[in-house]
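The values are calculated or read from the model by the stated rules, or taken from the named source; none is laboratory data. Because the structure is predicted, anything quoted here is derived from the model rather than measured. Cβ placement follows ideal geometry from the backbone for every residue including glycine, while neighbour counts extend to all protein chains displayed. Side chains included, ligands, DNA and RNA excluded: accessible areas come from the protein's heavy atoms. Shrake-Rupley method; radii C 1.70, N 1.55, O 1.52, S 1.80 Å.
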Amino acid sequence: MPMIGYTFEYKYSQDGDIVIGGIFSVHSVVSQWSEEGSFIEYLVCTGVYQREYRHLLAFIFAIDEINRSPDILPNITLGYHVYDSCGHVNKAIKDVLQILSGHTKEAPNYSCMERGALAGFIGDLHSDTTLQMAQLLSLYGYTQISYGARDTLLSDRKMYPNFFRTVPDDEMQYVAIAKLLERLKWNWVGILTSDDEYGEREIRHLSKHLSDHGICIEFKILVSINNHNKIPPELRSSTTEVLIICGSLLQLGVYIPLSLHKGNAEIFL
């Protein structure tokens, strides 16, 4: 998918002495759209993610409150430059480059900001977009704070020295799930995850913790955009009553095959 060509761009900006960049996934899907009889295709953000929209409003509200208070940053005005990544990795990278370049077109290694110094970035919520942002921002030495990304890769301080987050990584969840299953004596489970790097890492780490606690895995199913509406045969013939769901689930629609799962317990990571 190209790095340019997004229409109906959603961005929010305010000038200030110090500018904070923000990447929020207010919309959850990037769709292709074209006018009838036209061969030109546009990339459009659809599907409003209400919780993330509240995060955006909280971010803007916090900036306004800081600017109103004479005691927090006296004689300094905070600004922001925020884009909606729509939960799409390519668009998130494009938006970061746009913020680094200023209010003009993306120009790597150049800043055309008319006013204010860029202090750092807030976002994103999801691990896939946040990880790609961190890889890019580590080259420029900008601080990044995520409020939702849990990927264990982001805990590598040598690779991402300027990355911080307000939530623990997935390792704590793996330990908690394994102990919960052991406590409830659920030792025969299935795992459903997304067919991407994040999902594969989750299966690898989670499987290790489950094995250490004597829990057996009946099946491991990888779900992608292309096969999310097909019922895997492992799920049809499953004998387990516990299904662990993890990975980049919000973008896969994995709730469709869950209706055919015969178990009575589902655990979400």
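For ALA92, what charge total do you get from the other residues with a beta carbon under 10 Å from its beta carbon, if Lys and Arg give +1 and Asp and Glu give -1?
Here the charged neighbours net out to -2.
Could you tell me the center-to-center distance, by alpha carbons, between segment 131-152 and segment 157-218 in angstrom?
One Cα centre to the other: 21 Å.
Give me a comma-separated list of calculated 3J(HN,Hα) values for segment 20-25, in order, Karplus coefficients 6.51, -1.76, 1.60 applied at θ = phi - 60°, integers in Hz, x for any Gly or Pro.
Once θ is set to phi - 60°, the couplings for segment 20-25 become 10, x, x, 10, 10, 9 Hz.
At 4 °C and 1.567 mPa s, grab the translational diffusion coefficient of segment 157-225 from Stokes-Einstein with a Kirkwood Rh over Cα pairs, rounded to a whole number in µm² per second.
Rounded to a whole number, D works out at 97 µm²/s.
Grab the beta carbon distance between ALA176 and PHE61, set R0 = 51 Å, and tell me the FRET efficiency rounded to 0.05.
According to the calculation, E is roughly 0.95.
Assuming R0 = 41 Å, can you tell me the calculated FRET efficiency for the pair SER13 and ASN187, based on Cβ-Cβ distance, to the nearest 0.05?
After rounding, the FRET efficiency stands at 0.15.
Would you mind counting up the charge near TYR49? Only other residues with Cβ under 15 Å from its Cβ, with Lys and Arg at +1 and Asp and Glu at -1.
Overall, the nearby charge balance is -1.
Show me, for segment 209-224, the HN-Hα J-couplings you get by feeding each phi into the Karplus relation (A = 6.51, B = -1.76, C = 1.60, θ = phi - 60°), rounded to Hz, glycine and proline as x.
So the Karplus estimates, Gly and Pro as x, are 5, 5, 4, 5, 9, x, 9, 9, 10, 6, 8, 10, 10, 9, 10, 10 Hz.
What ranking do 61-70, 197-206 get when scored by the average of other Cβ atoms within 10 Å per residue, highest first?
The packing order, highest mean first, is 197-206, 61-70.
Of all accessible surface on segment 130-250 at a 1.4 Å probe, what whole percent is carbon and sulfur?
Carbon and sulfur atoms account for 54 percent of the accessible area of segment 130-250.
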